[in-house]
Amino acid sequence: MTAQPAGIADAIKITDLVKQFGAFTAVDHVDIAVPKGAFLVLVGPSGCGKSTLLRMLAGLDEPSAGEISFLGNTVSSGTGGVVADPRQRNAGLVFQSYALWPHMTVANNISWPLKVAKWSKADRDARVNEVLALLGISALRDRYPAEISGGQQQRVAIARTIAPKPSILLFDEPLSNLDAKLRIEMRSELMRIHRATGATSVYVTHDQVEAMTMATHVAVLNIGRVEQFGAPIDLLREPATTFVATFLGTPPANLLPVVRRGAELIYGDLPLADAAIAGNLDSAQLLFRAQDIGIGRVEGRPSLAATFSEAAPIAGQTMVTAMVGDVRITGMVDGYFHAMPGDPIELSFLRDPDAVFTTGGERVAR
Amino acid sequence: MTSKSPTLASGSRLFRSETVTPLILIALVAVLVIAPLVKIVLATLTPDGLAAWQAVLASPLSQNLWWKPLANTLILGFGVASGCLLLGGFLAWLVILTDVPAPRFLGVLSTLPFMIPSFAAALAWGTLFRNSRLGGSAGFFEVNGIAIPDWLAWGLVPTLIVLVAHYYSLAYTIIAAALSSVGADLIESAQMAGAKRPRIFFGIILPVVTPALIAAASLTFAGAVSNFAAPALLGLPVRMQTLSTRLFGMIETGSGERGFVLALLLIGVSASFLFLADRVVSGRKAFITVTGKGGRTKRFALGAWRWPLFALAVLLGVGTTIVPVLVLAASSLAPQSGALFSNWTLHFWIGEGGGQMAQGQAGIFRNPVLIDALWNTIKLGLTVAGITMVLGLALAHTIVRRKGTLLANVLSQLAFMPLLIPSIAFAAAYIALFGAPIGPFPSLYGTFALLVIAAAAHNLPYAVQSGRSVLGQVSADIEESAKLTGASAVRRMLVIVFPLAIRGLLAGAILVFVKMVRDLSLVVLLFSATSPVLSMVAYRYASEGFMQFANAITLLILVICLAASLVAQALQSRVQKWKQS
Ligand SMILES: Nc1ncnc2c1ncn2[C@@H]1O[C@H](COP(=O)(O)OP(=O)(O)OP(=O)(O)O)[C@@H](O)[C@H]1O
Ligand SMILES: [Mg+2]
């Protein structure tokens, strides 16, 4: 246990956390700390260890090594196992499957945890009514889980989790079972609830739009490791690795492999940038945002012949994807753009690359 | 298109196949299921019948005819249901929700006892525990100096034990299925709420599986009250009567009406409990667990209890499957029932008659009656399996394709009715209907045909069930696309439905076959002296004290059933493979 006073301790502090299943490392030396009231989003591809990390935060699994502390109190450690079991953590978990108890009505699902926590009947009833109203599901109180829709089940699951007023809220892909429209609705609902409860939230998703819109802090996970941890805007602006750069952002950023030729970095035969930006590297990867790539030749800028593959209109602009050999490049044009797949088009690089990475994927400091 | 109106042609085809077939089916099922029941009711409303009601329910005889058998039957029913819930529930909990070693092995072991017919278990019990009170040779324990008190050798207690040993695996199967639907998430969310283990068990797990517990209790109850073999073998020698043995006795001794009255009462007892349980379950909300990604189940750590509980489960499984089979096998080889493991001889299997042994009777494979019975049994099994599967498929097809219509509802209700009727009472109803000539038709009593018809009718629920699951593999689209080509119903059935369904059908047919081969309670009333079946011959030998012969024949039945089950398993896994690819 640390000696820090609770007032300034991080709400959640994860130190050098490891989780192994046999020889397989699912969570690999993770370090993350967020202050009280933060909305931490864990993103990453399927199987990268997000749920495993969340379950350790919940106290359902014990870490193999490392430590987790809430407000300065150690709750799990590799040496002590689960120090504080789930009910002592003052944390609530919303399961991906919702995990509603099928034999209890909506109201009972919400009040049972309060009963377990020994709330009085009057307090329970009042709180149940309060959270039902907060989530707009008061009309469903006497239904059974099997009698309500998926979106409604999800609201009940959230209501059940926030009812005991946990100081830490954990969400495991709570929106992944919903259709697109409901997902956007629930996203703002969740934000509202987060603000209303003032809890510190940890939210697992592999949807990067969710990550970008909801988070105060984002941790991008890849094969059990944290690729980058920071504010969403920082991750977008200054991706630390090519993995982060290509995982976040819509449309996806373009990465082009280049080699040094004299004072220039060339892609194929095309000089793209001054070799100085790559330091003394002989080969590198350059990051170009979609908005930095235009369609059609532009005087004084490098351009490249490509084959049109698809176009998607976005907010008055069109996102155009074209192939150069095996490399997929995405650019933007104003207005609408039409072409047949296979048509030849010209891509121009409107600005200098946004970032430079080693061939191994590490960002080169400028 | 020709000038001939196509609507007319298709209209008449529609009429023929779409309306008439279901009507024929309804008529058929009505004759098979309803007519015997109506007839048995009517038979008890004649002057003789009314006298029988009075004799059974309100006369000096009724103590022996009705009240005592009823008490015994209910004790057996409730005792077996509780015992099965306890054992089956314990094993299901162990296998599904704990970290016991080798859960898969235990799971298989726990489903096996149901494969062994209850009369096999009863015979094995007798071979071990029989005492010399009733004369005849004593059982293994007594001969070896361990005195067996009467209550453990005969009557209620051994009957109860044998029936629990037979039915607990049914309870296990139902409860285990329910428990494995309780996802880890449900339990973990209760953990997150701060509930401790007992609270989770009583607050979450138990309520969720309650419908399954009720179902298991009611099915094992119904099984126990209608069982004939165990009380007949272990209870009758000491005059312990249940409703089914009483009913058998009445019909055997020619008091048909009294038998019919008892049959109706037995149906009432068994069906009312099933009905009650159904009401309780459907009165509650259907707890369909709302599952998401991954069907993980939570396994609790048993700690120091891991191996002791494992050992207990293995002991239970072995004691109710392997031990009885071994006892039967040893007994069929041992000339003295007290010395199960010495002087083994094949005399009871293949010995020539005329010697000292077995009062000069030849071994079962040299006994023409037995060879006859073997063929009859197989013939019966095959015929019934064939007829029920065809009927079951036709019924299932009509029910599935006309889902929601009155017709389909009536059909499925009718087809499932035999499930509520104990087979011995069903047999009694058939005797009531076909025991006397109907119009120009001669009496069918005692004929092979009657046995086949009754058995086919009684197996209808299973046949429809497997027909439905088979048809689940043939989607309506597939058939409708054939319909668009203009193929007739019969042709669609032959060319599309049948080939797709054949494997599943065979598997279903084998199940019916197995049920028939080892059935005693239906054949005991309907079999005929001219065409005996194996189980009946075994029962006869057992009641006459020729235990080795009875045991040998029982073993033969087991082998036939086992072989058939293996074939069914192989077929099922082939089907599985085909569905996966
Ligand atoms: N109990 C377990 N035993 C062995 N391996 C496991 C176990 N639980 C998870 N893993 C492995 O750990 C890795 C991380 O799993 P985890 O469930 O945390 O992934 P995830 O990031 O949540 O993925 P998804 O987005 O698909 O939910 C996976 O490769 C998984 O196979
Ligand atoms: Mg996950």
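The values are calculated or read from the model by the stated rules, or taken from the named source; none is laboratory data. All values reported here derive from a predicted model rather than from experimental measurement. Heads up, the Cβs are rebuilt from the backbone with ideal geometry, glycines too, and the neighbour counts pull from every protein chain shown.
Yes or no: the stretch A:341-353 includes at least one residue that is closer than 28 Å to A:ALA240 by Cα, among the charged types (D, E, K, R) and not in a strand (DSSP E or B). Explain how you work it out, then say what you get.
Taking the stretch A:341-353 first, the residues closer than 28 Å to A:ALA240 by Cα are A:347-353.
Next cut, among the charged types (D, E, K, R) only: A:351-352.
Checking the rest, the ones that are also not in a strand (DSSP E or B) come to A:351-352.
Yes, because at least one residue in the stretch A:341-353 is closer than 28 Å to A:ALA240 by Cα, among the charged types (D, E, K, R) and not in a strand (DSSP E or B).
Is at least one residue of the stretch A:207-226 within 16 Å of ligand 1 (Cβ to nearest atom), surrounded by fewer than 18 Cβ atoms within 10 Å (Cβ to Cβ), modelled with pLDDT of 90 or more and more than 13 Å from every other protein chain (Cβ to nearest Cβ)? Talk me through it step by step, then tell me what you get.
Residues of the stretch A:207-226 that are within 16 Å of ligand 1 (Cβ to nearest atom), as a first pass: A:207-211, A:218-226.
Among the residues that remain, those that are also surrounded by fewer than 18 Cβ atoms within 10 Å (Cβ to Cβ) are: A:207, A:209, A:223, A:225.
Checking which are modelled with pLDDT of 90 or more leaves us with A:223, A:225.
With the extra rule that they be more than 13 Å from every other protein chain (Cβ to nearest Cβ), the set shrinks to A:223, A:225.
Looking for residues that are within 16 Å of ligand 1 (Cβ to nearest atom), surrounded by fewer than 18 Cβ atoms within 10 Å (Cβ to Cβ), modelled with pLDDT of 90 or more and more than 13 Å from every other protein chain (Cβ to nearest Cβ), one finds at least one in the stretch A:207-226, hence yes.
If the Cβ limit is 6 Å and pairs must be 6+ apart or interchain, which residue in the stretch B:388-405 that is closer than 12 Å to B:ILE26 by Cβ pairs with which residue that is β-branched (Val, Ile, Thr) and surrounded by 24 or more Cβ atoms within 10 Å (Cβ to Cβ)?
Qualifying pairs under 6 Å: B:LEU395/B:VAL464.
Exposed (fewer than 15 other Cβ atoms within 10 Å of the Cβ) and in a loop (DSSP other than H, G, I, E, B): is that true of B:LEU45 in this structure? Don't jump to the end; show me each part of the working.
On the way: exposed (fewer than 15 other Cβ atoms within 10 Å of the Cβ): yes; in a loop (DSSP other than H, G, I, E, B): yes.
Criteria met by B:LEU45.
Pick out the one residue from A:ILE32, A:ILE14 that is surrounded by 23 or more Cβ atoms within 10 Å (Cβ to Cβ) and either within 16 Å of ligand 2 (Cβ to nearest atom) or assigned by TED's automatic domain parsing to the domain that holds A:LEU236 (or both). Step through it out loud before you land on a result.
Details: A:ILE32 fails: surrounded by 23 or more Cβ atoms within 10 Å (Cβ to Cβ).
Just a single option satisfies the conditions, and that option is A:ILE14.
Might you let me know whether the stretch B:435-447 holds any residue that is touching a residue at least 60 places away in the same chain (Cβ under 8 Å) and either of a type in the set (Lys, Arg) or part of a helix (DSSP H, G or I) (or both)?
no
Every residue, every condition in (1) among the basic types (Lys, Arg); (2) farther than 30 Å from A:HIS338 by Cα; (3) in contact with a strand residue (DSSP E or B) (Cβ under 9 Å, 6 or more places away or on another chain); (4) free of Cβ contacts under 8 Å to residues at least 40 places away in the same chain, yes or no:
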{"site": "A:VAL259", "(1), (2), (3), (4)": "no, yes, yes, yes"}
{"site": "A:LEU270", "(1), (2), (3), (4)": "no, no, yes, yes"}
{"site": "A:ASP282", "(1), (2), (3), (4)": "no, yes, yes, yes"}
{"site": "A:ASP292", "(1), (2), (3), (4)": "no, no, yes, no"}
{"site": "A:ILE295", "(1), (2), (3), (4)": "no, no, yes, no"}
{"site": "A:GLY316", "(1), (2), (3), (4)": "no, no, yes, yes"}
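Could we say that B:VAL162 is closer than 30 Å to B:PRO237 by Cβ and β-branched (Val, Ile, Thr) here? Reasoning before the result, please.
Values: closer than 30 Å to B:PRO237 by Cβ: yes; β-branched (Val, Ile, Thr): yes.
Against the criterion (closer than 30 Å to B:PRO237 by Cβ and β-branched (Val, Ile, Thr)), B:VAL162 qualifies.
One line per residue, one yes/no per condition, for (1) within 14 Å of chain B (Cβ to nearest Cβ); (2) surrounded by fewer than 22 Cβ atoms within 10 Å (Cβ to Cβ):
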| position | (1), (2) |
| --- | --- |
| A:ILE148 | yes, yes |
| A:GLN152 | yes, yes |
| A:THR161 | yes, no |
| A:LYS165 | yes, yes |
| A:ALA180 | no, yes |
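With A:LEU100, A:LEU57 as the choices, which residue is under 28 Å from B:LEU179 (Cα atoms) and at pLDDT 90 or above? Talk me through it step by step, then tell me what you get.
Values: A:LEU100 fails: at pLDDT 90 or above.
Answer to the selection: A:LEU57.
Just name the residue that is surrounded by the fewest Cβ atoms within 10 Å (Cβ to Cβ) out of those in the stretch A:325-366 that are β-branched (Val, Ile, Thr) and closer than 14 Å to A:ALA273 by Cβ.
Residues of the stretch A:325-366 β-branched (Val, Ile, Thr): A:327, A:329-330, A:333, A:345, A:356, A:358-359, A:364.
Narrowing further to those that are closer than 14 Å to A:ALA273 by Cβ: A:356, A:364.
Numbers: A:VAL356: 21, A:VAL364: 14.
Checked the stretch A:325-366; the qualifying residue surrounded by the fewest Cβ atoms within 10 Å (Cβ to Cβ) is A:VAL364.
Which condition does B:ILE200 not pass, out of (1) more than 14 Å from chain A (Cβ to nearest Cβ); (2) more than 27 Å from the chain's Cα centre (by Cα), if it passes all the others?
(1)
Do you know which residues across the stretch B:148-188 are out of contact with any Phe, Trp or Tyr (no Cβ under 6 Å at 6 or more places or on another chain) and among the small types (Gly, Ala, Ser)?
Across the stretch B:148-188, the qualifying residues are B:GLY155, B:ALA165, B:ALA171, B:ALA176, B:ALA177, B:ALA178, B:SER180, B:SER181, B:GLY183, B:ALA184.
Consider A:ALA312 carefully, then state whether it is in contact (Cβ under 8 Å) with a residue 12 or more places away in the chain and not β-branched (Val, Ile, Thr). Full working, then the answer.
Working: in contact (Cβ under 8 Å) with a residue 12 or more places away in the chain: no; not β-branched (Val, Ile, Thr): yes.
Spelling it out, it is not the case that A:ALA312 is in contact (Cβ under 8 Å) with a residue 12 or more places away in the chain and not β-branched (Val, Ile, Thr).
Which condition number does A:HIS206 fail, the rest of (1) free of Cβ contacts under 8 Å to residues at least 24 places away in the same chain; (2) within 16 Å of ligand 2 (Cβ to nearest atom) being met?
(1)
Mind listing whichever residues of the stretch A:24-72 are within 16 Å of ligand 1 (Cβ to nearest atom), closer than 13 Å to A:THR200 by Cα and in a strand (DSSP E or B)?
Matches in the stretch A:24-72: A:LEU40, A:VAL41.
Identify, by number, the condition in (1) assigned to a helix (DSSP H, G or I); (2) under 30 Å from the mean Cα position of the chain (by Cα) that A:ALA122 doesn't meet.
(2)
Let me confirm something: among A:GLY44, A:GLY22, which residue is assigned by TED's automatic domain parsing to the domain that holds A:VAL83, at pLDDT below 95 and more than 16 Å from ligand 2 (Cβ to nearest atom)? Write out each step before concluding.
On the way: A:GLY44 fails: more than 16 Å from ligand 2 (Cβ to nearest atom).
The unique qualifying residue is A:GLY22.
Among the residues of the stretch A:92-119, which ones are at the interface with chain B (Cβ under 7 Å from one of its Cβ atoms), not in a strand (DSSP E or B) and not polar (S, T, N, Q)? Lay out the reasoning, then the answer.
Filtering the stretch A:92-119 down to residues at the interface with chain B (Cβ under 7 Å from one of its Cβ atoms) leaves A:92-93, A:95-103, A:112-113, A:116-117.
Next, from what is left, pick out any that are not in a strand (DSSP E or B): A:95-103, A:112-113, A:116-117.
Passing the criteria: A:PHE95, A:TYR98, A:ALA99, A:LEU100, A:TRP101, A:PRO102, A:HIS103, A:TRP112, A:PRO113, A:VAL116, A:ALA117.
Can you confirm whether the stretch A:176-194 contains a residue that is within 16 Å of ligand 1 (Cβ to nearest atom), under 21 Å from A:MET56 (Cβ atoms) and not aromatic (Phe, Trp, Tyr)?
yes
Is it the case that some residue within the stretch A:97-110 is within 16 Å of ligand 1 (Cβ to nearest atom) and under 20 Å from the mean Cα position of the chain (by Cα)?
In the first step, residues of the stretch A:97-110 are kept if they are within 16 Å of ligand 1 (Cβ to nearest atom); the result is A:97-99.
If we keep only those that are under 20 Å from the mean Cα position of the chain (by Cα) as well, we get A:97-98.
Within the stretch A:97-110, one or more residues are within 16 Å of ligand 1 (Cβ to nearest atom) and under 20 Å from the mean Cα position of the chain (by Cα).
Limited to the stretch B:434-458, what total is found for residues that are out of contact with any Phe, Trp or Tyr (no Cβ under 7 Å at 6 or more places or on another chain) and surrounded by fewer than 23 Cβ atoms within 10 Å (Cβ to Cβ)? Give the steps one after another, and end with the answer.
Start the filter on the stretch B:434-458 by keeping residues that are out of contact with any Phe, Trp or Tyr (no Cβ under 7 Å at 6 or more places or on another chain), which leaves B:436-442, B:446-449, B:452-453, B:455-457.
Still in the running and surrounded by fewer than 23 Cβ atoms within 10 Å (Cβ to Cβ): B:436-442, B:446-449, B:452-453.
The qualifying residues number 13.
Taking the stretch A:56-91 as the search range and keeping residues that are within 16 Å of ligand 2 (Cβ to nearest atom) and free of Cβ contacts under 8 Å to residues at least 40 places away in the same chain, which one is farthest from the other protein chains (Cβ to nearest Cβ)? Before you say what the answer is, go through the steps one by one.
So in the stretch A:56-91, the residues within 16 Å of ligand 2 (Cβ to nearest atom) come out as A:56-58, A:60-61.
Next, only the ones that are free of Cβ contacts under 8 Å to residues at least 40 places away in the same chain stay: A:56, A:60.
Details: A:MET56: 13, A:LEU60: 5 Å.
Within the stretch A:56-91, the match that is farthest from the other protein chains (Cβ to nearest Cβ) is A:MET56.
Quick one: which helices (runs of 4 or more DSSP H) lie wholly within the stretch B:145-233 and hold at least 3 residues that are surrounded by fewer than 19 Cβ atoms within 10 Å (Cβ to Cβ)? So that I can check it myself, show each step before the final result.
Values: elements: B:150-153, B:156-180, B:184-192, B:197-200, B:206-226.
Answer list for the stretch B:145-233: B:150-153, B:156-180, B:197-200, B:206-226.
Quickly run through the stretch A:192-204 and pick out the residues that are among the aliphatic types (A, V, I, L, M) and either surrounded by 19 or more Cβ atoms within 10 Å (Cβ to Cβ) or touching a strand residue (DSSP E or B) at 6+ places or on another chain (Cβ under 8 Å) (or both).
Pass one, the stretch A:192-204, residues among the aliphatic types (A, V, I, L, M): A:193, A:196, A:199, A:202, A:204.
Across the stretch A:192-204, the qualifying residues are A:ILE193, A:ALA199, A:VAL202, A:VAL204.
Under 6 Å by Cβ, and 6 or more places apart or on different chains, what pairs join a residue from the stretch A:36-52 that is away from chain B (no Cβ under 14 Å) and of a type in the set (S, T, N, Q) with one that is in a strand (DSSP E or B) and more than 7 Å from ligand 1 (Cβ to nearest atom)?
From the stretch A:36-52, no pairs qualify.
Return the residues of the stretch B:523-574 that are closer than 26 Å to B:ALA427 by Cα, aromatic (Phe, Trp, Tyr) and part of a helix (DSSP H, G or I); say none if nothing qualifies.
B:TYR539, B:TYR541
Checking B:GLY139 against (1) crowded, with 24+ Cβ neighbours inside 10 Å; (2) at pLDDT 90 or above, which test does it fail?
The single condition B:GLY139 does not satisfy is (2).
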